[in-house]
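Comments concern the structure below.
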Amino acid sequence: MTKAATIDMEFDEDADAFVTYVKELHGMSTFGETETAALDNTAEMIRGYIKSMEGNRKKIPLTPEKLRELKRVVGMR
């Protein structure tokens, strides 16, 4: 649990998958066959997003404190 970002999850019956959305990161979305898989995929998506944004020197729409916390939660240094 973290207050760095909000991750909403819902089950999509048509796709037969759990879908996550990260509101603070432009509503980015991913999915997984199980809740755990969806959350693992979400962490991977967040890591890729942060690496890409930082690599391209783009602003991430979080405060520095929230960004540090989000990095910690998804296993980044």
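The conditions of being β-branched (Val, Ile, Thr) and surrounded by fewer than 17 Cβ atoms within 10 Å (Cβ to Cβ) are met by VAL73.
Right, ILE46: at negative phi, surrounded by 11 or more Cβ atoms within 10 Å (Cβ to Cβ) and free of Cβ contacts under 8 Å to residues at least 40 places away in the same chain or not? Judged against the criteria, ILE46 is not a match. Among the residues in segment 28-35, are any modelled with pLDDT of 95 or more, open to solvent by 60 Å² or more (accessible area, probe 1.4 Å), part of a loop (DSSP other than H, G, I, E, B) and touching a strand residue (DSSP E or B) at 6+ places or on another chain (Cβ under 8 Å)? Taking every residue of segment 28-35 in turn, at least one turns out to be modelled with pLDDT of 95 or more, open to solvent by 60 Å² or more (accessible area, probe 1.4 Å), part of a loop (DSSP other than H, G, I, E, B) and touching a strand residue (DSSP E or B) at 6+ places or on another chain (Cβ under 8 Å).
Quick one: is LEU39 in contact (Cβ under 8 Å) with a residue 40 or more places away in the chain and open to solvent by less than 100 Å² (accessible area, probe 1.4 Å)? For LEU39, the condition - in contact (Cβ under 8 Å) with a residue 40 or more places away in the chain and open to solvent by less than 100 Å² (accessible area, probe 1.4 Å) - is not met. If the condition is being free of Cβ contacts under 8 Å to residues at least 24 places away in the same chain, assigned to a strand (DSSP E or B) and either loosely packed, with under 12 Cβ neighbours inside 10 Å or within 12 Å of the chain's Cα centre (by Cα) (or both), then segment 12-27 contributes ASP12, VAL19, THR20, TYR21.
The values are calculated or read from the model by the stated rules, or taken from the named source; none is laboratory data. Fair warning: this is a prediction, and the values are worked out from it, not measured in the lab. Positions of Cβ are generated from backbone atoms using ideal geometry, with glycine treated the same way; all protein chains shown enter the neighbour counts. Heads up: the accessible areas ignore ligands, DNA and RNA and are worked out on the full protein's heavy atoms, side chains in. Shrake-Rupley method; radii C 1.70, N 1.55, O 1.52, S 1.80 Å.
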